[in-house]
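Following: one structure in structure tokens, then a few remarks.
The values are calculated or read from the model by the stated rules, or taken from the named source; none is laboratory data. None of the values given here were measured: they were computed from a predicted structure. Because the Cβ atoms are built from the backbone with ideal geometry, glycine has one as well, and the counts that use them run over all protein chains shown. With ligands, DNA and RNA removed, areas are computed over all heavy atoms of the protein, side chains included. Shrake-Rupley method; radii C 1.70, N 1.55, O 1.52, S 1.80 Å.
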Amino acid sequence: MKRLQQIIKRFPKTRVGVIGDMAADVYIYGKPYRLSREAPVIVVRHDYQKVIPGGAANTVSNLLQLGAQVYPVGVLGNDDAGVEVFNYFADNCASIEGLLLSSRTDTITKTRIMAGDDHTSKQQVIRIDREPQVALSADEEQKIISYLTSVAPQLDALIVSDYGYNFVTRNMLVFIKNFARKKNVLVDSRYRMKDFKGVTMVTPNQSEAEAFTGMEIKDNKSLLAAGRKILKELACKAVLITQGNEGMTLFERGKTPVHIPICGTDEIADVTGAGDTVASLIGLSLGAGATFLESARLSNCGASVVVMKRGTATVTPAELTQVIKTCKC
């Protein structure tokens with residue numbers, strides 16, 4: 001416990017870069033109050049809405065809440081949601097020179113309609129996604145590569161948050177793999193994990209691990225086989241397979257796999273963004289000098305906090321410290 005607390009105390013001095021698909025989570029709250037005359041649907045009266053960093057931007061937000069010095073690298077659209085996220089990062093990140101505000105594309109958004117009566121917990125009714133697929137221009141890509149090259153010596157670790165919108169180009173992959181030869185690179189990739197061979201560590205969930213290996217994970221034997229296959233094929237130092245309410249399992253090169261059970265109750269409120277919390281805590285902890293196992297344990301503690309919160313959530317050092325004291329993470 002003392003060792004984990006010491007790592008948390010180093011967070012404010014740790015510099016972490018985040019490369020990936022920046023997005024915005026838009027929550028629209030309202031009260032259902034009648035049936036529509038136009039169709040057999042409930043009419044929800046708009047009360048208010050809020051915009052929260054999503055995708056790779058949620059990883060940035062998690063790092064900021066944990067006290068890290070953060071260097072985001074990505075693209076946001078020059079629209080209301082994108083500008084709101086951009087301004088928040090401009091006020092709080094160590095540098096935003098790698099974050100482009102583009103008029104060529106819309107911001108990736110996930111808009112959730114949350115409905116419920118007054119003084120009750122609002123429930124998600126529907127989610128509407130905006131998924132622009134505009135490739136970076138040659139000038140934009142060069143600007144980002146130049147920025148990454150200039151800021152690399154300052155960084156203690158790098159997190160790649162790849163949601164499948166193809167922000168990470170081949171030239172960026174070259175930079176990422178070169179960076180991994182000297183410092184820690186944590187990759188959380190939904191569909192392109194095979195492209196990141198040679199990075200330090202990857203954090204697939206169970207379904208992503210099954211897709212990568214072509215193996216169904218149905219018991220401990222198949223779990224161990226899948227983890228070892230990923231470790232070998234990606235030539236990385238560590239793999240963490242997250243398993244929802246069954247915890248997570250860490251595979252390290254040359255070591256016996258370690259299963260980490262969930263911390264707290266398995267009656268969770270919302271899993272939205274939990275993977276970003278895991279990635280941010282592992283990347284930050286590695287940058288702060290933690291071992292792979294210590295980083296995994298801290299991420300397990302952090303995830304136990306955010307899954308008890310509604311919507312896209314983050315965890316603070318105080319919350320993390322409290323969980324460490326009360327739970328054998």
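Of all residues in segment 1-50, those being basic (Lys, Arg), assigned to a strand (DSSP E or B) and over 28 Å from Phe179 (Cα atoms) number 4.
Checking the stated criteria, Ile28 turns out not to satisfy the condition of being more than 21 Å from the chain's Cα centre (by Cα), modelled with pLDDT under 95 and farther than 25 Å from Ala135 by Cβ.
For segment 111-123, a residue qualifies if it is surrounded by 15 or more Cβ atoms within 10 Å (Cβ to Cβ) and either at pLDDT 95 or above or not in a loop (DSSP other than H, G, I, E, B) (or both), and the qualifying residues are Thr111, Arg112, Ile113, Met114, Ala115.
More than 20 Å from Leu158 (Cβ to Cβ), more than 18 Å from the chain's Cα centre (by Cα) and modelled with pLDDT of 95 or more: is that true of Ala225 in this structure? Considered against the rule, which asks whether it is more than 20 Å from Leu158 (Cβ to Cβ), more than 18 Å from the chain's Cα centre (by Cα) and modelled with pLDDT of 95 or more, Ala225 comes out as yes.
Restricted to segment 51-79, and to residues there that are part of a strand (DSSP E or B) and without any contact (Cβ under 8 Å) to a residue 60 or more places away in the chain, the residue that is most open to solvent (accessible area, probe 1.4 Å) is Gln69. The listed residues are Ile145, Ile108, Ile96, and the only one of them that is open to solvent by less than 30 Å² (accessible area, probe 1.4 Å), closer than 19 Å to Gly74 by Cα and not aromatic (Phe, Trp, Tyr) turns out to be Ile108.
Of all the listed residues (Ile128, Ile96), the sole one being under 30 Å from Lys183 (Cα atoms) and either in contact with a Cys (Cβ under 6 Å, 6 or more places away or on another chain) or among the β-branched types (Val, Ile, Thr) (or both) is Ile96.
Cβ separations smaller than 6 Å between residues 6+ apart or across chains give no pair from segment 164-184 residues that are closer than 20 Å to Thr200 by Cβ and in contact (Cβ under 8 Å) with a residue 12 or more places away in the chain to residues that are open to solvent by 60 Å² or more (accessible area, probe 1.4 Å) and not basic (Lys, Arg). Where helices (runs of 4 or more DSSP H) fall entirely within segment 153-268, those with at least 3 residues that are surrounded by fewer than 17 Cβ atoms within 10 Å (Cβ to Cβ) are at 170-180, 220-234. Total residues in segment 64-112 satisfying the condition of being of a type in the set (Val, Ile, Thr) and farther than 16 Å from Tyr165 by Cα: the figure is 5.
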